[in-house]
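Read-outs throughout are calculated quantities, based only on the coordinates presented, and are distinct from any laboratory measurement. Everything numeric in this text was worked out from a predicted model, so none of it was measured.
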Amino acid sequence: MLRLLLFCVTLILCLTACQPGETSSTTISETPFAPASAQEKTPAELVLDQALAAHSNGKYDQAHYQFVFRGKTYTFYNNGGQYTYTLTHEKDGSVLFDQLVNGEFTRQVDGSTVSLSVKETASGIEGLNSVIYFATLPHKLSDPAVNLQLSGTDTIKGQAYDVLDVNFNKEGGGVDHDDNFRYWINQETHRIDYLAYDYLTSGGGVRFRSAYNPRVVDGVLFQDYVNYKAPLGTPLSDLAAMFDNGDLEKLSVIATEEVVSIQ
């Protein structure tokens with residue numbers, strides 16, 4: 001009799017706890033597991049995607065090119081997440097060959113590897129990264145250390161632009177992670193026609209670049225730039241109007257020459 005009473009009490013408790021629409025904490029759900037959907041892209045990421053398509057249509061990830069910049073020969077080879085950058089030039093009668101392979105830097109002088117100080121290594125890495133960064137814009141803007149923000153629109157020379165602001169995380173952002181960049185992306189062509197940046201090294205500065213001589217080499221767009229200077233401390237947001245008004249000082253020409261695709 002006692003056993004029957006205990007069984008009835010247990011049955012009543014279970015029926016009471018598991019009302020329709022509720023599930024006991026020990027019940028295994030029969031609903032199939034559905035992974036969370038991919039996070040939707042931000043407006044800034046969508047603008048960057050359009051620029052990447054306009055500049056290379058996905059070819060940056062498997063790109064192998066050579067070019068000359070200021071008398072020195074550079075190459076870059078991208079293979080998915082792997083990369084190799086090189087620089088070859090003559091100095092004091094010797095041939096220097098710098099190579100950066102997935103973050104590892106080496107230097108050869110007349111074919112022999114030489115030892116470098118920490119400062120020399122950092123300088124070599126920064127020099128190679130900087131030249132390749134600008135030559136392959138906007139490829140590196142998709143790196144994990146990059147922070148993107150869509151900052152409205154601007155009009156330059158009567159053309160409408162999406163304005164993309166960029167800064168970097170300290171982790172993975174390189175020695176110049178404190179630099180700030182602004183890109184003006186043509187709303188019709190989705191190409192970067194103008195860019196600007198500020199920096200803190202060597203006393204700091206503010207620069208604005210205007211693209212010219214666009215040409216497509218085996219599916220990848222390369223551009224040259226006229227480099228302008230603004231007074232130290234000028235906000236990047238002021239530079240479009242200053243350029244339109246002729247208030248920027250021309251400094252130099254940034255020309256990527258003899259561009260060839262290496263098969």
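Points to keep in mind about this one:
- Rounded to whole Hz, the Karplus (6.51, -1.76, 1.60) HN-Hα couplings of region 123-138, x for glycine and proline: 5, x, 5, 5, x, 5, 4, 5, 5, 5, 4, 6, 5, 10, 4, x
- Length gained when the stretch Tyr199-Gln66 is fully extended (0.36 nm per residue, less Cα-Cα span): 45.1 nm
- Summarising the amide proton neighbourhood of Ser252: residues at separation of 5 or more, or on other chains, whose placed amide H is nearer than 5 Å comprise Asn227.
- The phi torsions of region 85-97, fed into the Karplus equation with coefficients 6.51, -1.76 and 1.60 and a -60° offset, translate into couplings of 10, 9, 9, 10, 7, 9, 8, 6, x, 10, 9, 9, 10 Hz, rounded to whole numbers, with Gly and Pro shown as x.
- Rh (Kirkwood; distinct C-alpha pairs) - region 64-135, Å: 12.5
- Hydrodynamic radius by Kirkwood, which averages 1/r over all alpha carbon pairs of region 95-164, in angstrom: 15.1
- Residue pairs, from the table Lys72/Lys140; Lys59/Lys119; Lys140/Lys250; Lys41/Lys229, whose Cα atoms sit over 30 Å apart: Lys59/Lys119; Lys41/Lys229
- Theoretical gain in end-to-end length, Asp49 to Gln82 [0.36 nm per residue, Cα-Cα removed]: 9.8 nm
- Once the Cα-Cα distance is subtracted from the 0.36 nm per residue extended length, the Ala160 to Glu188 segment shows a gain of 9.3 nm.
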